[in-house]
Amino acid sequence: MSSHIIVALDVDTRQEALQLVRRLGPAAGHYKVGLQLLTLAGPDLVRELVGMGKQVFLDLKLHEIPNSVAAAVRAAAQLGAGMVSVHASAGSAVLRAAAEQARSVGGIRVLALTVITSLRDDDLPEIGLAPSVREQVCRLARLASAQGCDGVIASAQEARWLAQQLPARSLIVTPGIQLAGLGGHDQSRVATPRDARDAGATHVVVGRAITQAPDPAQAFARACADFAQPD
């Protein structure tokens, strides 16, 4: 069972999600449930996946006051999720509250989202930030680490620096993953599984390259092989 490849269940219904999980079988052990599916299918889907022996990354991208974020982390742990995401830009108090709550309840790790992979340097000024994306990612990653978060979410382009600067055993979860020869869709900072691994990613999130493939199981196997390919 591969846990380094996190399959993003970015589908429209519970039925589609479970059909995909069954199709991928025991080889796929780690899934991301994001806002789309959680809103459509509800929290029982997370419990169901956990009951099937799957690891769940609950990608909530929390950005609220510290008490609300801590309560959401506790709720995610109660569902059985093993990872939950919090916006690093919410600030130190929020990150610290999330990390402290995760340690208190146990069994769940907090990932700080740095800069979403659809943003480029040219996009930052319109949201009040100065270029570059790398500088913003690095600043937010240092902030999250200092507040006790277990890892960060960042593109492969920033993963190499993060792997060198963050404490040992920090998680570096990389979205924007595509298989070789496929387009990047709406994400700007993309990479293959091997690119991300070589840059220092501990986990990669693969969505449409698997979920929209003619043969999702074959695409998943291809992603696993690419991530595991020796140097």
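Where a number appears in this text, it was derived from the coordinates with a stated rule and is not lab data. Source: prediction; values computed, not measured. A quick note on method: Cβ atoms are made from the backbone with ideal geometry, for glycine too, and the neighbour counts reach across all protein chains shown.
Before rounding to the nearest 500, sum -39500 (n - 2.57) across all DSSP H runs of length at least 4 in the chain and divide by the residue total; then give [θ] at 222 nm in deg cm²/dmol. It lands at -13000 deg cm²/dmol. Comparing mean-square fluctuations of Thr192, Thr39, Thr202 from a GNM of the chain with C-alpha springs under 10 Å, the top value falls on Thr39. Dividing the mean sequence gap of close Cα pairs (under 8 Å, 6+ apart) by how many residues segment 5-228 holds gives a relative contact order of 18 percent. Approximating the spin labels as points 7 Å out from Cα along Cα→Cβ, the Asp123-to-Glu16 distance works out to 2.2 nm.
Net length available on complete extension from Ala130 to Asp44 is 26.9 nm, with 0.36 nm assigned per residue and the Cα-Cα distance removed. Under a Gaussian network description of the chain, with springs only between Cα atoms under 10 Å, the residue in Leu143, Leu124, Leu58 that fluctuates furthest is Leu124. Each peptide among 3-11, 214-222, 27-35, 171-179 gets the average number of other Cβ atoms lying within 10 Å of its residues, and from highest to lowest they stand as 171-179, 3-11, 27-35, 214-222.
In terms of its C-alpha gyration tensor, segment 1-98 comes out prolate, because a/c is 1.5 or above and the ratio a/b outweighs b/c.
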